[in-house]
Amino acid sequence: LLDPYVTVSVDQVRVGQTSTKQKTNKPTYNEEFSATVTDGHQIELSVFHDTPIGYDDFVANCTLHFQDLLRSAGPSDTFEGW
């Protein structure tokens, strides 16, 4: 079991980090982060395992490109509260 947390970055600038969930492989996060993005290209979500000693272990990541999100969005879709 992991002690996972997620970092949120926009264009390689960290804008937030979730709390660590203890001893689970199916964490649930209901946390919000706010960042002003004027000319952003991508958002990256990275999962780490919180270790008591040394560096935390990298688990996985996902990169979403803003252009792809905008292309798939409908005319009435917004990203407010997303």
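Percent of accessible area on the chain owned by carbon and sulfur, 1.4 Å probe?
Values: 3200 of 6360 Å².
Carbon-and-sulfur percentage of accessible area, whole number: 50.
Taking amide H atoms as placed 1.01 Å from N in the peptide plane, the amide H of residue 61 lies under 5 Å from those of 47, each 5 or more residues away in sequence or on another chain.
Just flag the GluC sites (Glu not before Pro) in the chain sitting in loop per DSSP whose Cβ has no more than 16 other Cβ atoms within 10 Å. Show your work: numbers first, answer last.
On the way: sites: 31, 32, 44, 80; in loops: 31, 32, 80.
The qualifying sites are 31, 32, 80.
Placing +1 on each Lys and Arg Cβ and -1 on each Asp and Glu Cβ, with no other charges, gives the chain a dipole about its Cα centre of roughly 240 debye. Surface analysis of the chain yields an accessible area of 78 Å² per residue, using protein heavy atoms and a 1.4 Å probe.
Computed over the chain with a Gaussian network model linking Cα atoms closer than 10 Å, the most mobile of 56, 11, 68 is 68.
Average projection, convex hull of the Cα set of the chain: 6.3 square nanometres. Just to be sure I understand the curve: with the Debye formula and one point per C-alpha of region 1-48, what is log10 I(q)/I(0) at q = 0.14, 0.25, 0.27, 0.28 Å⁻¹? Values returned for q = 0.14, 0.25, 0.27, 0.28 Å⁻¹ are -0.38, -0.90, -0.99, -1.04.
The values are calculated or read from the model by the stated rules, or taken from the named source; none is laboratory data. Only a predicted model underlies this, so the values are computations on that prediction, with no experimental measurement involved. Cβ sites come from the backbone with ideal geometry, for glycine too, and all protein chains shown count toward neighbours. Areas reflect the complete protein model, heavy atoms only, side chains present, ligands, DNA and RNA absent. Shrake-Rupley method; radii C 1.70, N 1.55, O 1.52, S 1.80 Å.
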